[in-house]
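Visitor: What follows is a single structure, and I will ask about it in a moment.
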Amino acid sequence: MKTNLFKDFEPVSAKAWKQKIQVDLKGADYNDTLIWESLEGIKVKPFYHQDDFNKPFIPIPGQPISWKIGQHLFIDDEAIVNSLALDAASRGAESLYFTAHKTFDYKTVFNGFTSKILIQVYLHFLDANFVTELKTYAKSNGLQLQVLVDPIGNLGTDGNWFSKEQEDLKITSEILKKTPTALLIDTSHYQNAGANMVQQIAYALSHANEYLNHYSDSLNNNYLTFKISVGSNYFFEIAKIRALRLGYAALAKVHNVNPECKIIATPTLRNKTLYDYNVNMLRTTTECMSAVLGGADMVMNLPYDAIYHKSNEFGERISRNQLLILKEESYFDAVSNTADGSYYIESLTQELAEKSLRLLKDIESSGGFLSQLKDGTIQRKIAESAEKEQALFNEGKLVLLGTNKHPNTQDRMKDDLELYPFLKHNPRKTLIKPVIAKRLAQALEQKRLAEEE
């Protein structure tokens, strides 16, 4: 039986709320005092009300009923990665996300697995025959395996195709004939390089549109997969994932393909810090929360020490346990559409979707995503956004606790670096200028390292 808990209270209009706020401001300007503008050009109000909406909220297509706890593993030594994967699965991982830069002994890597766990293999190379072998092995052994490829993503991050454009697109077509769900749109590097949220969504959609222009007939009503990075702007990140689903549904309608997509989410590297590194756990926790509430299908956490330590059991276990706590103890798996109906999040979702679709149309009218990658427009736009964000960090307006606010001056890291935590300069010949990821704290941390005694 439905009970109206607020029947004894008269409704208050948005106008009345604003008038009350204006009185409490005692002469201060409402707009100047309480409305702020995000890097995406969205003006955020102090409150949101049902009067702000003149039509029902748009349902978000493809929101998962539940989300999976993912674990990332890099395939190098097959026996070692098999041991790590089995251990991760026994400790709560529900999906294993492997990355490989060359063919590997899949019988060793996947030995001991059953159909209970989802196995995803992101290939940083194109080999249709190897994909056939993987699929045959998975089928004969009852494994739930998905192969993922993204040649355009490789062009964006590496500056080169795997081979040549036409050859890459041809081999990708052959792979899709064997596994129609293989297309991955890896947009994580756009966020890690400093793109704002409107750019991230628009570039993701334009990236996907390039594939749909080539392969929509090969999808057989199957889905595409997006891999995204999630930052620390909590409510905006929730809305970003929802807006991506809305934008993709609109794009898919044009191509007459499945309007639903899968989303893999992982915390951003851009705001992670070398000093006071335990704060990274707080950042990744809120970022994973945004990913879940936004409707990601699978969430892979980032170890707190990932930028300076090699992969290690402690860091991986802590990152996985953060997700287990969210799912098993904080009940983040109890409701699949938690954000639906929140006036603030619904408004952000609508604005992000509208702005990103306008940018998508601009990109397509200017030749499309590949064309703008080749002429450097995408890279330039991301760099401009990154410079604005970097300036806010340098001025202390964008705060990374323990780094540019309340730093521990006694903290020493020079002797604890197993990995080089900064942007590496590797001069080489590339077809285009790659999209380069860079952390906000890099310059400040380099200065502190140089001053360590």
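Visitor: Any idea which of I382, I378, I432, I436 is β-branched (V, I, T), closer than 20 Å to Q200 by Cβ, in contact (Cβ under 8 Å) with a residue 60 or more places away in the chain and open to solvent by 30 Å² or more (accessible area, probe 1.4 Å)?
Guide: None of the other options fit; the residue is I436.
Visitor: Please go through region 129-182 and pick out each residue that is surrounded by fewer than 19 Cβ atoms within 10 Å (Cβ to Cβ), within 21 Å of the chain's Cα centre (by Cα) and over 16 Å from L370 (Cα atoms).
Guide: The one that is surrounded by fewer than 19 Cβ atoms within 10 Å (Cβ to Cβ), within 21 Å of the chain's Cα centre (by Cα) and over 16 Å from L370 (Cα atoms): T181.
Visitor: Still on this structure: Which pairs turn up if I take residues in region 54-66 that are aliphatic (A, V, I, L, M) and look for partners that are open to solvent by less than 40 Å² (accessible area, probe 1.4 Å) and in a loop (DSSP other than H, G, I, E, B) with beta carbon separation below 9 Å, at least 6 apart in sequence or on another chain?
Guide: I60/G295; I60/A339
Visitor: Condition (residue is open to solvent by 40 Å² or more (accessible area, probe 1.4 Å), part of a helix (DSSP H, G or I) and among the small types (G, A, S)) applied to region 112-122: is it met by at least one residue?
Guide: No, there is no match, as no residue in region 112-122 is open to solvent by 40 Å² or more (accessible area, probe 1.4 Å), part of a helix (DSSP H, G or I) and among the small types (G, A, S).
Visitor: Can you pull out every residue in region 280-302 that is farther than 16 Å from N192 by Cβ and not in a helix (DSSP H, G or I)?
Guide: Residues satisfying the conditions are G295, A296, D297, M298, V299.
Visitor: Counting only residues that are in contact with a helix residue (DSSP H, G or I) (Cβ under 8 Å, 6 or more places away or on another chain) and of a type in the set (G, A, S), which one in region 71-100 is most open to solvent (accessible area, probe 1.4 Å)?
Guide: My answer is A79.
Visitor: Sticking with this structure for a sec: Inside region 260-278, can you point out the residues that are under 20 Å from the mean Cα position of the chain (by Cα) and either polar (S, T, N, Q) or open to solvent by less than 60 Å² (accessible area, probe 1.4 Å) (or both)?
Guide: Hits for region 260-278 are C261, I263, I264, A265, T266, P267, T268, R270, N271, K272, T273.
Visitor: Exactly one of these conditions fails for N54: (1) surrounded by 14 or more Cβ atoms within 10 Å (Cβ to Cβ); (2) modelled with pLDDT under 95. Give me its number.
Guide: N54 satisfies all of (1) surrounded by 14 or more Cβ atoms within 10 Å (Cβ to Cβ); (2) modelled with pLDDT under 95 except (1).
Visitor: I would also like to ask the following. I'd like to know if region 332-340 contains one or more residues that are acidic (D, E) and modelled with pLDDT of 95 or more.
Guide: No, because not a single residue in region 332-340 is acidic (D, E) and modelled with pLDDT of 95 or more.
Visitor: Name the pairs whose Cβ atoms lie under 7 Å apart, with the first residue in region 399-412 and more than 15 Å from E452 (Cβ to Cβ), the second of a type in the set (A, V, I, L, M) and open to solvent by 60 Å² or more (accessible area, probe 1.4 Å), and 6 or more positions between them or separate chains?
Guide: Correct list of pairs: K405/V399.
Visitor: I've got another one for you. Could you give every pair whose Cβ atoms fall below 7 Å, whose first residue belongs to region 31-43 and is more than 15 Å from L392 (Cα to Cα), and whose second residue is part of a strand (DSSP E or B) and among the aliphatic types (A, V, I, L, M), counting only separations of at least 6 or pairs across chains?
Guide: Every condition considered, the pairs that remain are I35/V44.
Visitor: Looking only at region 183-242, how many residues end up being touching a Leu at 6+ places or on another chain (Cβ under 7 Å), in a loop (DSSP other than H, G, I, E, B) and open to solvent by 10 Å² or more (accessible area, probe 1.4 Å)?
Guide: Residues that pass the stated criteria total 1.
Visitor: Separate question: If you go through region 344-351 one residue at a time, do you hit one that is under 30 Å from Y215 (Cα atoms), out of contact with any Pro (no Cβ under 8 Å at 6 or more places or on another chain) and open to solvent by less than 10 Å² (accessible area, probe 1.4 Å)?
Guide: Yes, region 344-351 contains at least one residue that is under 30 Å from Y215 (Cα atoms), out of contact with any Pro (no Cβ under 8 Å at 6 or more places or on another chain) and open to solvent by less than 10 Å² (accessible area, probe 1.4 Å).
Visitor: Cβ-Cβ under 8 Å, sequence separation 6+ or interchain: first residue in region 1-26 and over 21 Å from F53 (Cα atoms), partner at pLDDT 85 or above and of a type outside the set (V, I, T). Which pairs?
Guide: Within 8 Å, the pairs are Q22/Y30; L25/L34.
Visitor: Let me ask another. Within region 402-429, how many residues are open to solvent by less than 90 Å² (accessible area, probe 1.4 Å), closer than 24 Å to A383 by Cα and not aromatic (F, W, Y)?
Guide: Going through region 402-429 one residue at a time, the tally reaches 4.
The values are calculated or read from the model by the stated rules, or taken from the named source; none is laboratory data. Owing to the predicted nature of the structure, the values given are computational and were not obtained by experimental measurement. Ideal geometry is used to build each Cβ from the backbone, glycine not excepted, and the neighbour counts take in all protein chains shown. Please note that ligands, DNA and RNA were not included when accessible areas were found on the heavy atoms of the full protein model with its side chains. Shrake-Rupley method; radii C 1.70, N 1.55, O 1.52, S 1.80 Å.
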